[in-house]
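Trainee: Can you keep this structure in mind? I'll have questions shortly.
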Amino acid sequence: MTARALLLALSTRPRLGQWMDRLPLTRRFVRRFVAGTSADEALAVIASLNARGLMGAVTYLGENVHTAADAAHATDTYLALLDEIKRRNLTALPSLKLTHLGLDLGESICVANLTRVLDRGRAVGTRVWIDMESAAYTDRTLDLYARLRPAQPHAACVVQAYLKRTPADVERLIDLGAAVRLCKGAYREPVAIAYRDKADVDRAYDRLADRLLAPDALSRTVYPGFATHDERRIAHVRQLVEERRVAKNRFEIQMLYGIRSDLHAALAAQGLAVRVLVPFGEDWYGYFMRRLAERPANLLFLLRNLARG
Ligand SMILES: Cc1cc2nc3c(=O)[nH]c(=O)nc-3n(C[C@H](O)[C@H](O)[C@H](O)COP(=O)(O)OP(=O)(O)OC[C@H]3O[C@@H](n4cnc5c(N)ncnc54)[C@H](O)[C@@H]3O)c2cc1C
């Protein structure tokens, strides 16, 4: 088993998270990827990103809630975040997970919660990005998105380049004229449905970027968000937009808080629209483990410091 596979397997074991939460060193390390426990801390980070010409996205950490009360709490938190984004005049949007809004409890609960957030997003005048979770949720997420999109044109969704099905999903999203985040994919999926080899995922990413930036996609109002810290993938996107003379307001580059911060401002200074996703909250475990899995060197750093401390 590779380190990535092990970390992703552990990411679904919340009891390990409770243990890690008690260690001050892990909490400190988590802060590299998570802005803090409160919305205020995340919004303060976003204000400083905005001041440096970067757009923000905010995620209240949590997924796979077990009760309707927890789903309602997540929903209320996103509503309050949207109000604060407007009150503080921030350039930011929410990026949320459907299982945090109760998808596991039944679609009707999730749709009701999501609709409240989308309605508030429309009132505030901002997109709401719906993250993509593991492959167990791909169909439900995309079907729900396709159903809600006509009435909620500012709803945006995500596709994962590692899934072999994604080219077909992208065609469906192009037909809808959707705003689409393209990411590589952060979960452990069976080889039957997903590429495991980095080179295969990278090639798939480039092909999908090419498709999302095709003239017929853009003429249908497709708005791609290229979510990656991979300089080669970003260079490929830049080459495509230059060749096709795509206006800089027709797409954006998206990155995560705490990862390749050196690139954020540098790309924005070159005139690209760059959005940084800033997570906050106590329920950091799954998110944090996926970040460790993406770069096992992060785990070695953590273990070395644990041994020292
Ligand atoms: C804004 C945003 C939103 C996302 N939303 C989703 C989503 O909805 N669903 C989903 O499945 N995935 C999502 N992801 C995660 C994504 O799928 C990848 O797992 C993640 O971005 C790592 O892939 P990469 O494209 O950066 O390329 P990689 O090849 O993994 O990394 C390229 C380089 O980036 C740096 N890097 C990447 N990850 C890390 C890390 N954790 N720590 C330190 N350095 C790192 C390293 O320098 C590395 O060499 C999102 C990513 C971003 C940026």
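The values are calculated or read from the model by the stated rules, or taken from the named source; none is laboratory data. Being a predicted model, the structure only gives us computed values, none of them experimental. In this analysis, Cβ positions are derived from the backbone assuming ideal geometry, glycine residues included, and neighbour counts consider all displayed protein chains. Areas reflect the complete protein model, heavy atoms only, side chains present, ligands, DNA and RNA absent. Shrake-Rupley method; radii C 1.70, N 1.55, O 1.52, S 1.80 Å.
Each row is one residue, and each column tells you yes or no for (1) more than 20 Å from R181 (Cα to Cα); (2) assigned to a helix (DSSP H, G or I).
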| residue | (1), (2) |
| --- | --- |
| M255 | no, no |
| L263 | no, yes |
| A268 | no, yes |
| V278 | no, no |
| Y287 | no, yes |
| N298 | yes, yes |
| F301 | yes, yes |
| R304 | yes, yes |
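Trainee: Here's a follow-up. Collect the residues in the stretch 188-204 that are more than 10 Å from the ligand (Cβ to nearest atom) and surrounded by 10 or more Cβ atoms within 10 Å (Cβ to Cβ), keeping them in residue-number order.
Mentor: R188, I193, A194, Y195, R196, D197, D200, R203, A204
Trainee: Quick check on my filter: what residues within the stretch 144-203 are part of a helix (DSSP H, G or I) and either farther than 26 Å from E294 by Cα or in contact with a Cys (Cβ under 7 Å, 6 or more places away or on another chain) (or both)?
Mentor: Result: L144, Y145, A146, R147, L148, E171, R172, L173, I174, D175, L176.
Trainee: Restricting attention to the stretch 210-246, which residues are within 12 Å of the ligand (Cβ to nearest atom), surrounded by 13 or more Cβ atoms within 10 Å (Cβ to Cβ) and among the basic types (K, R)?
Mentor: R233
Trainee: Hey, does the stretch 96-108 have a residue that's open to solvent by less than 10 Å² (accessible area, probe 1.4 Å) and away from the ligand (no atom under 16 Å from the Cβ)?
Mentor: Within the stretch 96-108, one or more residues are open to solvent by less than 10 Å² (accessible area, probe 1.4 Å) and away from the ligand (no atom under 16 Å from the Cβ).
Trainee: Looking for whichever is within 18 Å of Y223 (Cβ to Cβ) and over 20 Å from the mean Cα position of the chain (by Cα) here; the options are V237, V241, V274. Which one fits?
Mentor: The match here is V241.
Trainee: Condition (residue is within 18 Å of V128 (Cα to Cα) and either open to solvent by 40 Å² or more (accessible area, probe 1.4 Å) or modelled with pLDDT under 95 (or both)) applied to the stretch 64-79: is it met by at least one residue?
Mentor: Yes: the stretch 64-79 contains one or more residues that are within 18 Å of V128 (Cα to Cα) and either open to solvent by 40 Å² or more (accessible area, probe 1.4 Å) or modelled with pLDDT under 95 (or both).
Trainee: While we're on this one: Output the residue which, of all residues in the stretch 282-300 that are touching a residue at least 60 places away in the same chain (Cβ under 8 Å) and exposed (fewer than 15 other Cβ atoms within 10 Å of the Cβ), is farthest from the ligand (Cβ to nearest atom).
Mentor: Across the stretch 282-300, the extreme among qualifying residues is E282.
Trainee: Further, regarding this structure: Considering every residue within the stretch 277-289, establish whether at least one is touching a helix residue (DSSP H, G or I) at 6+ places or on another chain (Cβ under 6 Å) and more than 30 Å from V30 (Cα to Cα).
Mentor: No: zero hits.
Trainee: Okay, next question. From the set of residues in the stretch 165-175 that are in contact with a strand residue (DSSP E or B) (Cβ under 9 Å, 6 or more places away or on another chain) and among the aliphatic types (A, V, I, L, M), which is surrounded by the fewest Cβ atoms within 10 Å (Cβ to Cβ)?
Mentor: Checked the stretch 165-175; the qualifying residue surrounded by the fewest Cβ atoms within 10 Å (Cβ to Cβ) is I174.
Trainee: May I ask you to list the residues in the stretch 124-154 that are of a type outside the set (F, W, Y) and either within 11 Å of the ligand (Cβ to nearest atom) or touching a Lys or Arg at 6+ places or on another chain (Cβ under 6 Å) (or both)? Steps first, answer last, please.
Mentor: So in the stretch 124-154, the residues of a type outside the set (F, W, Y) come out as 124-128, 130-136, 138-144, 146-154.
Of everything in the stretch 124-154, those that are of a type outside the set (F, W, Y) and either within 11 Å of the ligand (Cβ to nearest atom) or touching a Lys or Arg at 6+ places or on another chain (Cβ under 6 Å) (or both) turn out to be V124, I130, D131, M132, E133, S134, A135, T138, T141, H154.
Trainee: Next question, about the same structure. Here is a check on your reading of the model: is P167 at pLDDT 95 or above, on the phi < 0 side of the Ramachandran plot and over 20 Å from the mean Cα position of the chain (by Cα)? Lay out the reasoning, then the answer.
Mentor: Working: at pLDDT 95 or above: yes; on the phi < 0 side of the Ramachandran plot: yes; over 20 Å from the mean Cα position of the chain (by Cα): no.
Here the answer is no, as P167 does not meet what is asked.
Trainee: Can you name the condition, by its number, that W129 falls short on among (1) free of Cβ contacts under 8 Å to residues at least 12 places away in the same chain; (2) open to solvent by less than 10 Å² (accessible area, probe 1.4 Å)?
Mentor: Here W129 meets the rest and fails (1).
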